[in-house]
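Novice: Please see the structure below; I have some questions.
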Amino acid sequence: MTTKEKIIFEINGADAKKLKRFERQHKNCPMGMEGGRFSYTFIPTGLGLAITVKCSCGQQLLLGDFLDGPGAEYDEENLRPLTEDGIKNKQFEEAALMILGLEDRRFFKMAIGLEQSFEIVYAYAVGVARYGDPRISKAILYKVSVNALHRQVKNYTGTEEENLEKFFEHFKSVVLEEMDKYHSDNERLREKCLSKQNKY
Ligand SMILES: [Zn+2]
C-alpha cells in the first residue's frame with residue numbers, strides 16, 4: 001500500500017500461514033548479525049509482488065502472487081534448514097544455472113545485448129568459476145588453465161576449441177555428476193543439464 005506518508009508491504013492469507021511454518025521450521029537456526037533470523041525482500045514486478053524470506057541458514061522461502069499463486073503447498077522437505085554443505089550446494093547450483101542460462105541464444109541476446117558467442121560465454125563462466133565453487137571450475141573446458149603445480153593445462157582436445165556445443169556438453173555432464181554425489185533435488189537444474197537442444 002502506498003499513501004503520501006507511508007509505504008506498507010504485507011504478507012497475509014496463505015502466505016502468512018506459510019511464513020509461520022517456515023519460522024517454526026527454522027526456529028533453531030542461528031541469529032544473524034543484526035539480531036534477527038529472517039530478512040524480507042519485496043520486489044514489485046509487472047506480474048505481481050515477489051516476496052523472498054531468507055533465513056540466516058541460507059534457506060529461502062518465496063512468497064507472493066508472482067510465482068505460483070496461493071494454491072501452492074508449503075514444501076517442508078525442500079525448505080528445511082540448510083547445513084554448511086547445503087549452502088555450498090545451493091550456491092553451486094545457482095552459479096551453474098547462471099552459466100547454463102547463456103546457452104539459450106535468445107536469452108543470451110536479451111541479457112548481454114550481443115549475439116551469442118563462445119568468447120563471451122567462456123569469459124563469463126571463467127569469471128564465475130574464479131570466485132565460486134570449485135565444482136564450477138571443474139565443469140569448464142579450459143583453453144588455458146593452471147593446475148596445482150602452476151603448470152598450464154589445456155583440456156580441450158584437437159579442434160574442440162571455441163565450440164559452444166562441446167563446452168556445454170562437458171559443463172552439463174560434470175554438473176550432473178556433482179549433483180548426483182549429494183543427491184540434489186534441484187529438478188530445474190537437472191532438466192537443463194539433460195536437455196540436448198540444438199541452440200547454437
Ligand atoms: Zn534456517
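Novice: Could you check residue 25 against (1) in contact with a Pro (Cβ under 8 Å, 6 or more places away or on another chain); (2) closer than 30 Å to residue 172 by Cα and say which number it fails?
Specialist: (2)
Novice: Report, ordered by the first and then the second residue, all pairs with beta carbons closer than 7 Å, sequence separation of six or more or different chains, a first member in region 12-31 that is over 13 Å from residue 72 (Cα atoms), and a second member that is within 8 Å of the ligand (Cβ to nearest atom) and basic (Lys, Arg).
Specialist: 26/37; 29/37; 31/37
Novice: In region 1-116, which helices (runs of 4 or more DSSP H) lie fully inside it and hold 1 or more residues that are over 17 Å from the mean Cα position of the chain (by Cα), away from the ligand (no atom under 15 Å from the Cβ) and not assigned by TED's automatic domain parsing to the domain that holds residue 187? Give the derivation first.
Specialist: Numbers: elements: 14-25, 84-101, 105-112.
Output list reads 14-25.
The values are calculated or read from the model by the stated rules, or taken from the named source; none is laboratory data. Quantities reported herein were computed from a predicted structural model and do not represent experimental measurements. Cβ atoms come from the backbone with ideal geometry, glycine included; neighbour counts cover every protein chain shown.
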